[in-house]
Amino acid sequence: MKTFASDNTVPAHPLLLKSLEMENQAWASAYGADSKTVSIEKLFQKHFGSAAQAFPVFNGTGANVTAISSCMLPHEAVICPDTAHLQVDECGALEKFAGVKILALPTKDGKLCPEQIEPFLTYKGDPHRVQPRVISISQTTELGTVYSSQEVKALADFAHAHKMFLHVDGARFSNAVVSLNGSLKSLSADLGVDVLSFGGTKNGMLLGEAVVFFNQPQFAERFHFVRKQAMQLASKMRYLSCQFEAYLEKEIWKTNALHANEMAQRLYKGVSNLEAIPVLYPVQANAIFVRLSPPLVERLQKDFYFYVVDPKGPIARWMTSWNTTPTDVDQFVAAIASS
Ligand SMILES: Cc1ncc(COP(=O)(O)O)c(C=O)c1O
């Protein structure tokens, strides 16, 4: 059954599966010493700029944990929105792995701004207090919103002015890039992002994410060891790397994200004039949050699966993907309208 639950529920893109099949023809060195992994280092630089150093990992939690903990010491803190996947949905992985504290701040739309972080600088140097070191934002956010370039740059500039670093959880970075009509580089390296968790899985890869450092060779150096300790060093890394090669070279990241976002807009247009379905946040990528009545949830879920993210409300998240078709959306809208 096709669902609107998550972009994790959809199949892998055929061209990415094809890249695996092609990679599967021969033997190769292990642990990233293979020619495919070596060649994608340059490819990431082509797309993200010459300062980029990229490392494939298995999953999004692993990308976030390894990216952030490479930049921090145990007495330091990472500041993020209280909706961040890092805070809500990673089972305390960062705290366990790195021993650092997460300071999670409320937001109205999933987005942090420098003014919220400022008060935490009061205690810089106080040994009784954890020391803020990393700001972590999600682009797109967990609420389906997208930071503008100016908003990201303001956070990066603020971080650097206070000897901090900006991490971007980009599990859906491609969706943000197409939403802003930018490029991978213009929305990361050019804005001062220090480290990006670059998503593949939700946007068509079988599995795989990459941690990309920008102008941070000392963290990239440390990352080699952190990744192994975090059990994210793939012995057959070439099977992650070959997918990234196709993802970047064939612009699958872009076509898939564009399609997913277009399907979200189609769904939004279909429901935005229905009074019974208030849409809670701007629809800027591939997620729509709506408040539904409990009977409506029950009726719709007979035929369509989606997450109720807050039973109070209830609030539902509808998510589209590279594999959602216009017909899927139209059928869903018709069911909503007639319920
Ligand atoms: C914004 C965001 N970051 C990170 C992740 C973590 O990905 P994984 O489930 O592969 O660990 C997710 C997964 O849903 C996510 O939505």
remark   = Amide H contacts under 5 Å for E76, restricted to residues at least 5 apart in sequence or on another chain and with H modeled in the peptide plane, are K101, Q131
task = Report, by chain and number, residues whose modeled amide H sits under 5 Å from the one on Y281, excluding near sequence neighbours (fewer than 5 apart, same chain).
result = F289
query = What full-extension length gain, to one decimal in nm, is calculated for Q301 and C91 as 0.36 nm per residue of separation minus the Cα-Cα distance?
reply = 72.9 nm
query = Across the range 244-255, in residue order, what do the Karplus-derived ³J(HN,Hα) couplings come to in whole Hz, using 6.51 cos²θ - 1.76 cosθ + 1.60 with θ = phi - 60° and x for Gly and Pro?
reply = 5, 4, 5, 4, 7, 5, 8, 6, 5, 3, 7, 4
task = Mind sorting D109, D328, D303 by how few other Cβ atoms lie within 10 Å of their own Cβ, fewest first?
result = D303, D109, D328
message = Using the Kirkwood formula on the Cα atoms of the chain, what hydrodynamic radius do you get, in angstrom to one decimal?
response = 20.6
ask   = Using 1/(1 + (r/R0)^6) with R0 = 35 angstrom and r between the beta carbons of M231 and E262, what's the FRET efficiency to the nearest 0.05?
value = 0.40
remark   = Taking max minus min of the Cα coordinates of the range 1-47 on each principal axis, largest first, gives extents in Å of 39, 27, 19
ask   = For the range 143-284, rounded, prolate or oblate, judged on the Cα gyration tensor with a ≥ b ≥ c (square roots of eigenvalues), a/c < 1.5 rounded, else prolate if a/b > b/c?
value = oblate
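Which entries of K202/K250; K108/K250; K42/K111 show an alpha-carbon separation above 29 angstrom in the structure shown?
K108/K250; K42/K111
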request  = Could you pull the Cα extents of the range 148-195 along its three principal axes, largest to smallest, in whole Å?
outcome  = 31, 19, 14
ask   = Dividing the Cα convex hull volume of the range 20-165 by residue count, how many Å³ per residue is that?
value = 151
inquiry  = Given Cα positions, please report Rg to Rh for the range 253-337, the hydrodynamic radius being the Kirkwood one.
reply    = 0.95
For the range 200-207, Karplus couplings with θ = phi - 60° (6.51, -1.76, 1.60), whole Hz, Gly/Pro x = x, 4, 6, 10, x, 6, 4, 6
ask   = What are the ³J(HN,Hα) values, in whole Hz, obtained from phi via the Karplus relation 6.51 cos²θ - 1.76 cosθ + 1.60 with θ = phi - 60°, for each residue of the range 264-271 in sequence order, with x given for Gly and Pro?
value = 5, 5, 5, 5, 4, 4, x, 10
request  = Be a star and scan the range 195-233 for residues whose amide nitrogen sits under 15 Å from the point 7 Å along the Cα-to-Cβ vector of L17.
outcome  = 204-207
message = Explain nothing, just the number: dipole magnitude of the chain about its Cα centre with +1 on each Lys and Arg Cβ and -1 on each Asp and Glu Cβ, in debye rounded to the nearest 20.
response = 280
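We did not get these values from a lab; they are worked out from the coordinates using the rules stated. Nothing here was measured: the structure is a model prediction, and the numbers come from that model. For neighbour counting, all protein chains shown are included, and Cβ atoms are generated from backbone atoms with ideal geometry for every residue, glycine included.
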